[in-house]
Amino acid sequence: MAVECPNCHQRNDDHEDLCVHCGGDLVIRDMVTDGLNVLQSGRQVVSPRQCPSHPDANVQLESDRLVCSECGCDLGGLDSQNVPLAKDPPSLVSDDLDADEGLGKAAVLEVEGGQEIFFRGAYTTKVPFKGGNILVGRRDVMASHYPDIDLMMYRKLDPAISRRHLRFFRENEHYYIEDLCNNNATFLNDYANKLNHERRELHHGDRIFVSMSLAFLFKIQE
């Protein structure tokens, strides 16, 4: 199993303690922070542990216990080496009950061309979009800024990716995109349609271009 360096994104063998590229420490310990990005609140935890039922979810600190932000599964105490077995997540009544287009169905953001992105601690080509905020940008370790979709890997090829580039969010049962960057660009469906600190409602089949680096395809799943 490969271990990703938190500094340079180099993938290392799991027996390595230091990154073979930059020499950074690969031993990740629990670290409490007041929110992993500006769109999150509460005491979040940077931890190597993951919820078995929701591996993409954030880890939160509640009463000195680490819990999954999605289902509340207990992941142990800070720096505990004993992670309990996953429990069946509680049954949640879906709030996606509208019958209109896209309102009662799950959405997904697919990265076109099979490109991988770094989403909440793992590489993927698809991002589930159920609600809340999904911040897209690039990490700034010194500022403790960790966007949900981290495009730091594309920074050398495309310097026009902002720390806070754009966000996807759901509001009143509708899906939206909002451009957040000052000098760089977000485009909707084609390069002639540039968003300038605007928010637009998303519809099935919409394409979202992040600078010139990559494109997301917004889909409503049946």
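The values are calculated or read from the model by the stated rules, or taken from the named source; none is laboratory data. All of these numbers come straight from a predicted model, not from anything done at the bench. Every residue, glycine as well, gets a Cβ built from its backbone with ideal geometry; the counts of neighbours run over all protein chains shown.
Tabulated values for the structure
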| read-out | value |
| --- | --- |
| Hey, residue 60 modelled with pLDDT under 70, in a strand (DSSP E or B) and either within 12 Å of the chain's Cα centre (by Cα) or not hydrophobic (A, V, I, L, M, F, W, C) (or both) or not | yes |
| Residue within the stretch 95-112 that is modelled with pLDDT of 90 or more, outside any loop (DSSP other than H, G, I, E, B), surrounded by 14 or more Cβ atoms within 10 Å (Cβ to Cβ) and in contact with an Asp or Glu (Cβ under 7 Å, 6 or more places away or on another chain) present | no |
| Cβ pairs under 7 Å, 6+ apart, first in the stretch 205-222 and at positive phi, second small (Gly, Ala, Ser) | 211/160; 211/185 |
| Selection count where residues are assigned to a loop (DSSP other than H, G, I, E, B) and surrounded by 15 or more Cβ atoms within 10 Å (Cβ to Cβ), scope the stretch 164-182 | 2 |
| Test set (1) modelled with pLDDT of 90 or more; (2) under 27 Å from residue 11 (Cβ atoms) - residue 176 fails condition number | (2) |
| Sole residue being touching a Leu at 6+ places or on another chain (Cβ under 7 Å) and over 21 Å from residue 116 (Cβ atoms), chosen from 188, 166, 202 | 188 |
| Count of the stretch 165-179 residues which are within 12 Å of residue 210 (Cβ to Cβ), in contact (Cβ under 8 Å) with a residue 24 or more places away in the chain and not β-branched (Val, Ile, Thr) | 4 |
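For every residue, the table says whether it meets (1) at pLDDT 90 or above; (2) out of contact with any Cys (no Cβ under 8 Å at 6 or more places or on another chain); (3) outside the structural domain of residue 200 (by TED's automatic domain parsing); (4) in a strand (DSSP E or B).
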| position | (1), (2), (3), (4) |
| --- | --- |
| 127 | yes, yes, no, yes |
| 134 | yes, yes, no, yes |
| 147 | yes, yes, no, no |
| 156 | no, yes, no, no |
| 159 | no, yes, no, no |
| 184 | no, yes, no, no |
